[in-house]
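Inspection log for the structure reproduced underneath, given as structure tokens.
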Amino acid sequence: MKNTATAPSAKSTPATMPRCLQVQIGKLEVGERSDQLHALLGSCVGIAFLWKKRGCCGLAHCLLPEAPAREPAFGARYVSQAVPSLLRLMGAAEADYPDIEVVVAGGAHMFQHQTPRLQVGQKNAAAAHKYLRQWGLNVSYCRLGGHHGRTLTVDCTTQSFAVTDIIATQEERPHARQ
């Protein structure tokens, strides 16, 4: 994937400059106005909230499905933490939930020969559905599973998102030694 940057126009000020926030594993971010949120996902699950009425978006990059009892309630390392944490960070009340568009991506099977214990992508996907349903949130777009990574980008300016599959070409794939 090629990154491009554009020079700011003469009318741009630091307050209006877009921020591109890379959401790392186990983290969550909330963006407003000209922000762009971005996550690179494999077996991890990205959960994005687009709240047009409030003009903000949130993105959680979840590594594992269920938080152990001793984990703090706030965070995004676990799907079970991420959904309520994003809602709280965005200031959403239950009455606001119908206005929040939910996008879910990732949860891939990254290794060909996985034992059931190592099928993290599948477990993350199931947890995302479980906890979003538990909180009464409806998913408007879902791209989970498969055998390759994805990027999830949320543009807070346009309240839009893009999910892009990352597929290696034959030349990029490692070759077995003989």
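The values are calculated or read from the model by the stated rules, or taken from the named source; none is laboratory data. Note that this is a predicted model, so its numbers are computed, not measured. Here the Cβ is made from the backbone with ideal geometry for all residues, glycine too, and neighbour counts use every protein chain on show.
Brief remarks follow.
- Selection within region 71-96 - among the acidic types (Asp, Glu) and under 16 Å from GLY55 (Cα atoms): ASP96
- Hey, ARG117 surrounded by fewer than 17 Cβ atoms within 10 Å (Cβ to Cβ), at pLDDT below 90 and not in a strand (DSSP E or B) or not: yes
- In the set ARG143, ARG133, only one residue is among the basic types (Lys, Arg) and either in contact (Cβ under 8 Å) with a residue 24 or more places away in the chain or in contact with a His (Cβ under 9 Å, 6 or more places away or on another chain) (or both); that residue is ARG143.
- Of all residues in region 132-159, those satisfying the criterion of being over 22 Å from SER80 (Cβ atoms) and β-branched (Val, Ile, Thr) are THR151, THR153, THR157, THR158.
- Annotation note: of ALA69, ALA92, ALA48, the sole residue that is among the aliphatic types (A, V, I, L, M) and free of Cβ contacts under 8 Å to residues at least 24 places away in the same chain is ALA69.
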